Every structure is written in structure tokens, then in C-alpha cells.
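Presented below is the structure to which this report refers.
The values are calculated or read from the model by the stated rules, or taken from the named source; none is laboratory data. Source: prediction; values computed, not measured. Counting neighbours? That spans all protein chains shown, and the Cβs are built from the backbone with ideal geometry, glycine included.
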């Protein structure tokens, strides 16, 4: 899974001095096109203070509802592959920019209003949020949203540390900027995880210069990021969520001596539902661990090649969540422990066909599904570094999608170099199956990479089933009114093959 969540509100607050007369502590810039981070030392004067400090701090909030909806099903926020990154895009436009500084991020403890202000010159638009107030009728505990506290603090503006079940940990994050024109990319996985568990209040983040950089005698003006009101959709603040939710079914890629997984899906009127079973007229849903069995057979008794194996199967589980209507069984087949006759058959053919029977624990009095699959011997050959010639296609791509759609794409891969066998009857070409295949999204006109190949956390990894490969995609990650293309990379045999000429162009509308 690869999701891009856009900000639901953002702004920056400031105590900037206007015309050497007063501080704009009540100014609101919630509708500004940029998020400005600056610190001025002795650049103005007000009253008897001849060396005043003026500064700003950024506030930003994301709607986490799309993630909350998944935590009860396919998203395990405790899994090592779960990763959340806050990204703010630099919008350097030739202005003076500071260098060699550090930005610190805290989770906010208090809700804030974005406001309607736009004036970023004289800061004449007043309202909440601002340097004094977080929202209408609610003030910051310390001006500038600067009161630090623990998770359970009742009067904290920002949370600096707290217990996440493994002792007290620091919750602030930092990033150093050497040139000053870099984007901000901070790993906020632990904060988002704790927020989704309702340990941390879901109020967003505060960003500022770190530590003494707000209080020293240096001026830092101005680090500028795009806000959610910026004209370029791709530059707006993002919470990038990557997670390995790929289902790898080995019906088409099961090998002897290697552990593999077979899946069974059960549908009631086109919706995934648990298998109904029972006796005496009473039905119940088959669910939980060790809830059914899988028996596999190969060969025949008369030819002395008969082999059978029984495996305990379960409802498929992601984290602590059982997935409705999905069952799986993981096992390995040792080619050296089968009957001698079947061993000879495997040696000659390089594979063997097994019949599969999914059923209940009660002596198979209830059979749920019967099919077959082929188990192959592992590839062994003399040294060769010639990659396969592959053709990649999306078989169900539409020309246009809407931003609210979630689509499942079927991917077909043909090996153009395979041996061709003559057949008298029509023969359907089956897709090759690769368990290490990833997608990315490219702006078709500009060539910009919108979503990269996320192979570190397997966020853009393709799933496999008995029909081939597929992946789910959320269109709200893309700017409407643009054309895009899917690219693919296959990591196989120590070689990475990238496919950018795939007939996979589409556009996104509101």
C-alpha cells in the first residue's frame, strides 16, 4: 500500500514586528500559498527592546481517517514495513534563504484553526490561529504554541515525550538543512502509530527552528515551503504512508523445498465473506486460526506414485486482524521425501501436479474447494546473465479515473523468449508470475516521478494470485487534470528490469 494524504489544514504563526511599532501576534495567514519559517534578530526595534527576536512556527494537520478505516482490516501499524513520512516541498524563488540550520517537529497537543488570512506582507488579517490563540476561544498555554509537556499533560501545546509501551521516549523529530533549499522529509511513523492508537491527540504537528536557533543572535530568513493552498498540487504538504500489504499466493509459483503459501477466497454475492459451515441445520462462519485443513495429493495408487499431505489452514491474518473471507496455508514440500516413483517423475518432468482439497477438520465431511496446482523444481543451470525478454501490460486500465476511486489493476507479463509449443486447440497465454515486482507513477507529460518504486517497505509491491499479478491504487494521490503512466520494475535473478513503455496511460478528473 502506498497512500499520499494531503493536509487538511496548515498555517504559520508569527510575532513579527510591523513598522517598528507593534508585533503581529494576532495575525492569521491560514490561506497563504506558502509556509514560511523565519527568525530575525535585531532587524527591527520596538519600545525599549533594541535587539528583539521575531520568529514564525508552522502548524499542520492531516486527516488520518483513511488509515483508521484500514487498521481494522488490512493495515498493521505495528509491522516493521509500516512507514509514515511528512514531506514539505521547498519553493525557493530566488529569495534570501538561510543555510546550515535544523528544523524540529513536535506533535501538537491542542487543536488549531487554519483561518482565512492571506496578508503575508503587513500581516493585517487578524484571527485564529495566531501567536496567541490556537482557535476561537482557546489560547495557547504559552505564546507561539510553545508549552512542552508529556503525552498526558492537560495544558501542553506540544508533546515532547511520553510512554509508548516501551518506556518513556522522545517524540520530537529533527532534520538538518545544509544548503537551505532541501525539502523537509521527516519519519513520523512512531507519532502516527501512537495517534492511531489514541495515545497521542490527533491534532497535527508544529515545526520550528531547533533549540537555540530560535534564541541566538543570528537571523535566518526565510525558509519557505508550499502550503496546501499552493497552486502546484504535487508541491503541497504530504503524509506519505507505505506498508507491505501484498498478498503473495504461490499457486503459480510453488517450488519444491521452498516454503510457499496457498490462498482461498470465499465470496457471497460478490463480497468477501467467511465460509458457512455447520451441522444439524445450524450454520456458523469458519474463522480464526486452525479453522480448516488443506489436503494435497499427487500421483495414483495403481502406479505407486501416490503421495498425500495434510496441512492446517487458517483464516488469513494481518497483524491482529483476521481478513473476512480469506484463508491461507503455508508449507513446504520436500522433493526427496515423496515416493520413489513420484521422485522419478519429478526428476524427469521438473515438476509435479498436486490436487488440493480445502475442507473442515471433520474428516472432510465438508469440502469447500477443490483444484490443482503445479510444484516445480528450483531453477538450476550453468552460469547465465541474459535477462528474459518480457512484455508488460495492464489488462483492465481505463482511460480516465475520478479522484475518489480506488482501482485494482491486473498486470500481465509475457516472456517473449519462451519456447513455443504447437497446439491444435486454442491456447490461452498465462501471465508469468513474479513475486518481486513493483509499480511507480509518472506524470506522462512532464516525466516527473509522482510515486517511486517503493521496494524498501514494499509499499508498491504487486500481489499475486492464481490468475497472475495485481495491485490496488488510490487515485486521490494524483492531481486532477493531468495524464499519468504506470512503470514497473521486476527484481528477478539478481537483475532489475524497468519497463517504461507499458501501454498504461490514464488521466484523473475531479
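If I ask for residues that are modelled with pLDDT of 85 or more and outside any strand (DSSP E or B), which ones from region 352-363 would you list? Of everything in region 352-363, just one residue is modelled with pLDDT of 85 or more and outside any strand (DSSP E or B), namely 360. For region 53-67, residues that are surrounded by 19 or more Cβ atoms within 10 Å (Cβ to Cβ) and either over 25 Å from the mean Cα position of the chain (by Cα) or assigned to a strand (DSSP E or B) (or both) total 9. Just give me the residues in region 32-52 being in a strand (DSSP E or B), over 15 Å from residue 215 (Cα atoms) and under 29 Å from the mean Cα position of the chain (by Cα), in sequence order. The answer is 34, 35, 36. Residue by residue through region 132-187, note down the ones that are at negative phi, more than 30 Å from the chain's Cα centre (by Cα) and part of a loop (DSSP other than H, G, I, E, B). Those that are at negative phi, more than 30 Å from the chain's Cα centre (by Cα) and part of a loop (DSSP other than H, G, I, E, B): 132, 136, 140, 141, 142, 143, 146, 147, 153, 154, 155, 156.
Can you work out which of the residues in region 1-24 that are more than 30 Å from residue 244 (Cβ to Cβ) and within 38 Å of the chain's Cα centre (by Cα) is surrounded by the fewest Cβ atoms within 10 Å (Cβ to Cβ)?
Filtering region 1-24 for residues that are more than 30 Å from residue 244 (Cβ to Cβ) and within 38 Å of the chain's Cα centre (by Cα), the one surrounded by the fewest Cβ atoms within 10 Å (Cβ to Cβ) comes out as 9.
The set of residues in region 465-494 being part of a helix (DSSP H, G or I) and touching a strand residue (DSSP E or B) at 6+ places or on another chain (Cβ under 7 Å) consists of 475, 477. Of the residues making up region 412-422, at least one is out of contact with any helix residue (DSSP H, G or I) (no Cβ under 7 Å at 6 or more places or on another chain) and in contact (Cβ under 8 Å) with a residue 40 or more places away in the chain.
Contact map, region 68-92: residues that are surrounded by fewer than 16 Cβ atoms within 10 Å (Cβ to Cβ) paired with residues that are in a loop (DSSP other than H, G, I, E, B), Cβ distance under 8 Å, separation 6+ or inter-chain. Pairs shown: 78/319; 79/243; 79/244; 79/319; 92/181. For region 161-172, indicate whether the set of residues that are surrounded by 19 or more Cβ atoms within 10 Å (Cβ to Cβ), within 22 Å of residue 226 (Cα to Cα), in the same structural domain as residue 61 (by TED's automatic domain parsing) and in contact with a helix residue (DSSP H, G or I) (Cβ under 9 Å, 6 or more places away or on another chain) is non-empty. Looking through region 161-172, none of the residues is surrounded by 19 or more Cβ atoms within 10 Å (Cβ to Cβ), within 22 Å of residue 226 (Cα to Cα), in the same structural domain as residue 61 (by TED's automatic domain parsing) and in contact with a helix residue (DSSP H, G or I) (Cβ under 9 Å, 6 or more places away or on another chain). Test residue 298 against the stated conditions and say whether it is touching a helix residue (DSSP H, G or I) at 6+ places or on another chain (Cβ under 9 Å), within 25 Å of residue 333 (Cα to Cα) and buried (at least 20 other Cβ atoms within 10 Å of the Cβ). Yes, satisfied.
Residue by residue through region 440-461, note down the ones that are farther than 23 Å from residue 400 by Cβ, outside any strand (DSSP E or B) and in contact with a strand residue (DSSP E or B) (Cβ under 7 Å, 6 or more places away or on another chain).
Going residue by residue through region 440-461, those that are farther than 23 Å from residue 400 by Cβ are 452-459, 461.
Applying the additional criterion that residues be outside any strand (DSSP E or B) yields 452-459.
Answer for region 440-461, where residues must be farther than 23 Å from residue 400 by Cβ, outside any strand (DSSP E or B) and in contact with a strand residue (DSSP E or B) (Cβ under 7 Å, 6 or more places away or on another chain): 452, 453, 454, 455, 457, 459.
Residue under question is residue 103, and the condition is that it be loosely packed, with under 15 Cβ neighbours inside 10 Å, in the same structural domain as residue 59 (by TED's automatic domain parsing) and closer than 27 Å to residue 182 by Cα; does it hold? No, not satisfied.
With the structure loaded, tell me whether residue 193 is assigned by TED's automatic domain parsing to the domain that holds residue 91 and buried (at least 16 other Cβ atoms within 10 Å of the Cβ) or whether it fails that test. The answer is yes for residue 193. Only one entry of 198, 216, 202 meets the criterion of being over 30 Å from residue 376 (Cα atoms), under 22 Å from the mean Cα position of the chain (by Cα) and either surrounded by fewer than 17 Cβ atoms within 10 Å (Cβ to Cβ) or not assigned by TED's automatic domain parsing to the domain that holds residue 29 (or both), and that entry is 198.
Condition check ((1) outside any strand (DSSP E or B); (2) within 18 Å of the chain's Cα centre (by Cα); (3) assigned by TED's automatic domain parsing to the domain that holds residue 237) across all residues:
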position	(1), (2), (3)
30	yes, no, yes
74	yes, yes, yes
77	yes, yes, yes
87	no, yes, yes
98	yes, no, yes
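Give the residue that is surrounded by the most Cβ atoms within 10 Å (Cβ to Cβ), with candidates limited to residues of region 123-136 that are over 30 Å from residue 178 (Cα atoms) and touching a strand residue (DSSP E or B) at 6+ places or on another chain (Cβ under 7 Å). Show your work before the answer.
First, pick out the residues of region 123-136 that are over 30 Å from residue 178 (Cα atoms): 124-129, 132-136.
Now drop any that are not touching a strand residue (DSSP E or B) at 6+ places or on another chain (Cβ under 7 Å), which leaves 125-126, 128-129, 132-133.
On the way: 125: 20, 126: 14, 128: 22, 129: 27, 132: 17, 133: 22.
Looking at the filtered set, the residue picked out is 129.
Residues considered: 469, 475. Of these, the only one that is within 14 Å of residue 499 (Cβ to Cβ), modelled with pLDDT of 90 or more, out of contact with any helix residue (DSSP H, G or I) (no Cβ under 9 Å at 6 or more places or on another chain) and crowded, with 17+ Cβ neighbours inside 10 Å is 469.
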